[in-house]
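Novice: Can you keep this structure in mind? I'll have questions shortly.
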Amino acid sequence: MKYCQGNKCHTYHTKDRIRGSQGNKHYETRRRSSFYYGGNFCSLNCCNDWLQEYADKAIDHFGRLREPKKVECDSAWYKDRDWRNGGFYYANDLLGKKIPITEQQYNDDNYLNTSGQ
């Protein structure tokens, strides 16, 4: 069993957080075998509480972006699907190109049309 990592989880007044015997009851952090919200939090409230307190510290620790990241034209190719017509293609919005591909190529995670041809 894991505990919710929300820093205010124990302060929310819900019946499943009540622990202890008669006369010695208290609210306690939720304990679960599996969690949603990244596998660490029991609710979106708990996830948001943690993010509000620690997100800036975590970003500063692991590296805050100081300039924008870029994807150049040659690296902007991606596989896409036209759901209306059932077609598959390799696309690059920066170059305004779409190249038809087969469904097998679309489903192949190793297929990359790096030439843009």
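Taken together, the values in this text are just the output of simple stated rules run on the coordinates, not laboratory data. Not measured: the values here are computed from a predicted model. Methodologically, a virtual Cβ is constructed for each residue, glycine included, from the backbone with ideal geometry; neighbour enumeration extends over all protein chains shown.
Novice: How far apart, in nm, are the 7 Å Cα→Cβ label points at Glu53 and His13?
Specialist: Computed distance between label sites Glu53 and His13 equals 2.0 nm.
Novice: What pairs from Lys57/Lys79; Lys69/Lys97; Lys8/Lys69; Lys70/Lys97; Lys70/Lys98 go past 25 Å between their alpha carbons?
Specialist: Listed pairs above 25 Å: Lys57/Lys79; Lys8/Lys69.
Novice: Right, here's the next one. Please build a GNM for the chain, connecting alpha carbons under 10 Å apart, and tell me which residue among Leu51, Leu94, Leu65 fluctuates the most.
Specialist: Between Leu51, Leu94, Leu65, it is Leu94 that shows the largest mean-square fluctuation.
Novice: Let me ask something else about it. In a GNM of the chain with a 10 Å cut-off on Cα contacts, which of Glu103, Glu53, Glu28 has the highest mean-square fluctuation?
Specialist: Taking springs between Cα atoms under 10 Å, the residue moving most is Glu103.
Novice: Given that just one value was derived from the coordinates, which of (1) 21, 16, 14; (2) 33, 20, 10; (3) 48, 21, 11 is semi-axes √(5λ) of the Cα gyration tensor in Å?
Specialist: Here semi-axes √(5λ) of the Cα gyration tensor in Å agrees with entry (3).
Novice: Which ³J(HN,Hα) values, rounded to whole Hz and listed in residue order, are derived for the range 2-13 from phi using the Karplus coefficients 6.51, -1.76 and 1.60 in 6.51 cos²θ - 1.76 cosθ + 1.60 with θ = phi - 60°, glycine and proline given as x?
Specialist: Result, rounded to whole Hz: 10, 9, 4, 8, x, 6, 10, 4, 5, 8, 7, 8.
Novice: Would you mind telling me the antiparallel percentage of the DSSP bridges in the range 39-117, rounded to 5?
Specialist: Around 100 percent antiparallel, to the nearest 5.
Novice: Connecting C-alpha atoms closer than 10 Å in a GNM of the chain, tell me which of Ser43, Ser21, Ser34 has the biggest fluctuation.
Specialist: Its mean-square fluctuation being the largest, the pick is Ser21.
Novice: If you put +1 on each Lys and Arg Cβ and -1 on each Asp and Glu Cβ, how big is the dipole of the chain around its Cα centre, in Debye rounded to 20?
Specialist: 780
Novice: I want to check the label-to-label distance for Ser34 and Asn107. Put each point 7 Å from Cα in the C-beta direction and report it in nm to one decimal.
Specialist: Reported label-point gap for Ser34 and Asn107 is 2.6 nm.
Novice: In terms of Cα to Cα distance under 19 Å, which aspartates and glutamates are near enough to Lys15, apart from those fewer than 8 places away along the same chain?
Specialist: The reachable aspartates and glutamates, counting only those whose Cα sits under 19 Å from Lys15, are Glu28.
Novice: As a test of the formula, what do you get for the chain when each DSSP H run with n ≥ 4 contributes -39,500 (n - 2.57) and the sum is divided by the residue count, at 222 nm and rounded to the nearest 500 deg cm²/dmol?
Specialist: -6500 deg cm²/dmol
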